[in-house]
Amino acid sequence: MVPNVKKYRGRLAPSPTGLLHLGHARTFWCAAERARAARGTLLLRNDDLDAIRFRLDFVDAMIEDLRWLGFAWEEPMVSQSTRRPRYRAALGRLHAARLIFPCTRSRRDVIEAAGAPHEGGADDEPIYPPQFRPPPDAPLPPLGEPIAVNWRFRVPDGEALVFRDNNLGEQHAVAGRDFGDFLVWRKDDTPSYQLACAVDDAELGITEVVRGADLIRSTFRQLLLFRALGWIPPAFFH
Ligand code: GLU
């Protein structure tokens, strides 16, 4: 009898912030190939949450480029900008569990206090200085509507994290050392990439995430969100 394994479901997740380049084409080719080999399906996710860099004509150009490169996806494209209530619901759960805190520090404060930048991929952000954190038992203000401060996820300092990457093998990171408290919602009332991506990969039933190795640190952050929200994470292939 065929074991009851979930059918492979991958995704292509371009951001419509510029024209696609060769790096994307390579990643997407790999994602499409993995889905094809597993006789699975592929979803196109339009990562259009970045209102500043996002341009509508880039979405059309992106779709045209993907089709021209020969990619095909089975279902209508999912745009993150239409899924805001889903991200807001997840944020509410993190807030109820007291796993996030409001942060009024500027980007500049954080960069200055974080000191020398540490090694990392393109997704790297400075480690949030622990002295800027409110104490864990400090009263938590409501999220507000609209949200007007940055909210960050409090990472479990010193916890050794590990996952098995389907391409690169075992990956390790220590929370608080390799990455710090990260943004889940921005003061301009938009969800962060980390939160939106975790919610989508969970709720859209993605079984394997294929993306560039520059996002491995983001994978650790997203795995913490999966755990916090009680979801089973997908597999990863970087
Ligand atoms: N839109 C993101 C990017 O292009 C997607 C990253 C991901 O695959 O999670 O970097």
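The values are calculated or read from the model by the stated rules, or taken from the named source; none is laboratory data. Nothing here was measured: the structure is a model prediction, and the numbers come from that model. Here the Cβ is made from the backbone with ideal geometry for all residues, glycine too, and neighbour counts use every protein chain on show. Surface accessibility is based on the protein's heavy atoms, side chains included, excluding ligands, DNA and RNA. Shrake-Rupley method; radii C 1.70, N 1.55, O 1.52, S 1.80 Å.
Structure above, values below:
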{"quantity": "Most to least accessible of Arg11, Arg154 (protein chains only, probe 1.4 Å)", "calculated": "Arg154, Arg11"}
{"quantity": "Derived scalar couplings ³J(HN,Hα) [the range 124-133; Karplus, 6.51 cos²θ - 1.76 cosθ + 1.60; whole Hz; x for Gly, Pro]", "calculated": "6, 10, x, 5, 5, x, x, 5, 8, 6"}
{"quantity": "Placed amide H near Asn46: partners under 5 Å, 5+ positions off or other chain", "calculated": "Val78, Ser79, Gln80"}
{"quantity": "Percent of beta bridges antiparallel (DSSP, the range 99-238, rounded to nearest 5)", "calculated": "75 percent"}
{"quantity": "Phi to ³J(HN,Hα) by Karplus 6.51 cos²θ - 1.76 cosθ + 1.60 over the range 174-188, Hz, x for Gly, Pro", "calculated": "10, 5, x, 10, 8, 7, x, 4, 10, 5, 10, 8, 9, 5, 8"}
{"quantity": "Rounded FRET efficiency, nearest 0.05, which uses the C-beta distance separating Asp188 from Ala38 and R0 of 45 Å", "calculated": "0.70"}
{"quantity": "Where Thr41, Thr104 fall by accessible area, highest first, once all protein chains stay in place (1.4 Å)", "calculated": "Thr104, Thr41"}
{"quantity": "Gaussian network model of the chain, springs between alpha carbon atoms under 10 Å - residue of Phe179, Phe153, Phe58 with greatest fluctuation", "calculated": "Phe58"}
{"quantity": "Anisotropy class of the range 10-140 from Cα gyration tensor, a/c 1.5 cut", "calculated": "prolate"}
{"quantity": "Amide H contacts under 5 Å for Trp185, placed H, 5+ residues apart", "calculated": "Trp151, Ser192"}
{"quantity": "Accessible area (Å², 1.4 Å probe, nearest 10) - Val174", "calculated": "30 Å²"}
{"quantity": "Contour minus Cα-Cα distance for Glu75 and Asp214 (0.36 nm per residue)", "calculated": "47.3 nm"}
{"quantity": "Residue-wise HN-Hα coupling along the range 6-21, computed from phi with Karplus coefficients 6.51, -1.76, 1.60 (Hz; x: Gly, Pro)", "calculated": "5, 5, 4, 9, x, 8, 10, 10, x, 9, x, 10, x, 6, 5, 10"}
{"quantity": "The chain: relative contact order as a whole-number percent, Cα under 8 Å and 6+ apart", "calculated": "21 percent"}
{"quantity": "Whether the range 59-121 is rounded, prolate or oblate, judged on the alpha carbon gyration tensor where a/c under 1.5 counts as rounded", "calculated": "oblate"}
{"quantity": "Residue among Asp124, Asp60, Asp181 with the largest mean-square fluctuation in a Gaussian network model of the chain, springs linking Cα atoms under 10 Å", "calculated": "Asp60"}
